[in-house]
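So the structure is just underneath, and the comments pick up after that.
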Amino acid sequence: MSGRPLASVSLDVDNLWSYMKTHGDAGWEARPSYLDVFCPAALESLSRLNLRITFFLVGVDAEREDNHAPLRSLAAAGHEIGNHSHEHEPWLHLYTREQLEHEIATAEASIERATGQLPRGFRGPGFSWSPTLLEVLAARGYLYDASTFPTYLGPLARAYYFWTAKLSRAEREKRKALFGDFREGFRPLKPYHWRLGSGDRLLEIPVTTMPVLKAPFHLSYLLFLSRYSEGLMMAYLRTAIALCRATGV
Ligand SMILES: [Zn+2]
């Protein structure tokens, strides 16, 4: 066997409140958390599978003392800690440079304080990103971004989301570019380097979607499929992995 890794695996640690906030559910402001349940369960599964992965953490969660022990346990088990923004708002593409700098720096400081690890990778909430975001990351010494989501199905995911969420007109306006448009599907599946306007380079590690079809198969999508049929979901996942192997993704 060669030493070349077959894949990179990551998990966005989206807390209970962030789902509630995105869906416009009341009570998210109290930041209800399930990290004390999630972190031990995730660590147990990963240790059984002998996997070390990247956890992308949210700054607001890292800020809270009562989350420190569960979050620190992820780093202590040898996993990489990444930055998943401070406020987990899936419309980073609407942020100005100043807002992005503040968002990333605040999250980074809280995450380092909570876990003892300085994040060097970033994933935008809801796969949101902008060229300015990439420049801010490069200027702060980040090694990679992992926010792009090469799928043609973004508009479909957005339609489903609007259909299931309870949102005011102003909230809908903010979310109107959520999950990107179909042209995201033309972006590469394999890692590559951005050449930024600032002259910097930044590694991009895209969210893996199914080769050729560019259909998503990240965890939230698999959970969505399994609501209809677990068998269908497993068959879909196996097809996706087989296509990745066949195309070297
Ligand atoms: Zn997230």
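The values are calculated or read from the model by the stated rules, or taken from the named source; none is laboratory data. Since we're looking at a predicted model, the values are computed, not measured. So basically every Cβ, Gly included, is an ideal-geometry build from the backbone, and we count neighbours across all protein chains shown. Surface accessibility is based on the protein's heavy atoms, side chains included, excluding ligands, DNA and RNA. Shrake-Rupley method; radii C 1.70, N 1.55, O 1.52, S 1.80 Å.
Quick notes
- The per residue volume of the convex hull around the alpha-carbon atoms of region 209-249 is 53 Å³.
- The mean sequence distance of close C-alpha pairs (under 8 Å, at least 6 residues apart), as a share of the length of the chain, puts its relative contact order at 14 percent.
- Computed across region 33-164, the Kirkwood radius stands at 15.5 Å (inverse of mean 1/r, all Cα pairs).
- Other-chain or far-sequence residues with amide H under 5 Å of Ser10's (modelled H): Thr54
- Relative packing of 119-131, 189-201, which averages over residues the other C-beta atoms within 10 Å, highest first: 119-131, 189-201
- Length added when fully stretched, His23-Asp181, from 0.36 nm per residue minus Cα-Cα: 54.9 nm
- Among 18-28, 106-116, sorting by the average number of other beta carbon atoms lying within 10 angstrom of each residue, highest first, gives 106-116, 18-28.
- Residue-level accessible surface for Tyr236, protein heavy atoms, 1.4 Å, Å²: 50
- Rounded if a/c under 1.5, otherwise prolate or oblate - the chain, Cα gyration tensor axes: rounded
- Point-charge dipole on Cβ atoms (K/R +1, D/E -1) for the chain, about Cα centre, debye to 20: 980
- The peptide list 60-69, 208-217, put in order of mean Cβ contacts within 10 Å with the highest first, becomes 208-217, 60-69.
- Helical contribution to [θ] at 222 nm, DSSP H n ≥ 4, -39,500 (n - 2.57), averaged over the chain, rounded to 500: -13500 deg cm²/dmol
- For region 72-116, diffusion coefficient by Stokes-Einstein and Kirkwood Rh (Cα), 4 °C, 1.567 mPa s, µm²/s: 113
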